[in-house]
Amino acid sequence: MSKRVISLLFVLVFFISSIGQAYASSIYNISKLNNNGIMIESAKYGSNMRVMVEKGGEKYYYNLNNPKEKIPTQLGSGSYLVKILQNTSGNSYRVVEKSTLNISETTMDVYLSSSQPVYWEGKDKLLDLANSLTKGLNTDKEKIEEVYKYVISNIKYDYNKINNISTDYVPNVEAIIDSKTGICYDYAALFAGILRSQGIHTKLVKGYKIGLDVYHAWNEVYLDGTWVTIDTTFDAALGDLQMIEVASEYKKVREY
């Protein structure tokens, strides 16, 4: 990812003025979908809308691009403060709705969920591809290796896209499959979506890698009782088939 993407999609330094409920409650509905997700239903959404999720001092920002958005509860059990933000000018946002939800218990299944930024449920092209790649394979390791080989061999890095990405960008796994191109965010979302559809716990991770001076995205996959680091973007560029990376070479900032 470029440094422009860092400022727009990662840092997201909002100057938020809390003005209470600017819209009637019928406009926005924030609810606990289950202990692994939060559902936001909205009649007002688009590139000027954001969602902030805060728990224990950690803040995550999401886009509100659709009338229904599912947000993961990867921060664990406890009290989640959810705010819907509307852009007023520049990097300034105001709070138009907020709610506090108590998540009583979370499990690893949050990393199987179809939620932003890894939407996979109902994506027929992804499901067909996933089933085709894993047909006849019995172990998670075999499935992970086959999906890994597909991604690094078929998806090409899109340098034009990284220079023209919008601030509200969320990977569309089916568009990635069609174009066979993407940025690191796309590689990681596609890899996670395919594996999650097969019941394999997979994280999409953002942060930094030794040797790269830009914000980056990769995956962690639960294999044989431990989380392993896999970087399909980096390996596709190098033609490297080692699959499992040295975790200490990566600095995690966000995980989904």
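Only the coordinates and a few stated rules stand behind these numbers; no lab work does. Source: prediction; values computed, not measured. Counting neighbours? That spans all protein chains shown, and the Cβs are built from the backbone with ideal geometry, glycine included.
Here the label points at residue 138 and residue 47, each 7 Å from Cα along the C-beta direction, are separated by 5.2 nm in the simple model. With one equal scatterer per alpha carbon and no solvent term, the Debye-computed log10 I(q)/I(0) for the chain at 0.08, 0.13 1/Å reads -0.31, -0.83.
For the options 137, 64, 112, a Gaussian network treatment of the chain with springs between C-alpha atoms closer than 10 Å singles out 137 as fluctuating the most. The percentage of C-alpha pairs in segment 124-255 whose separation is greater than 26 Å is 15%. Going by neighbour counts of Cβ atoms within 10 Å, the residues 134, 88 line up, fewest first, as 88, 134.
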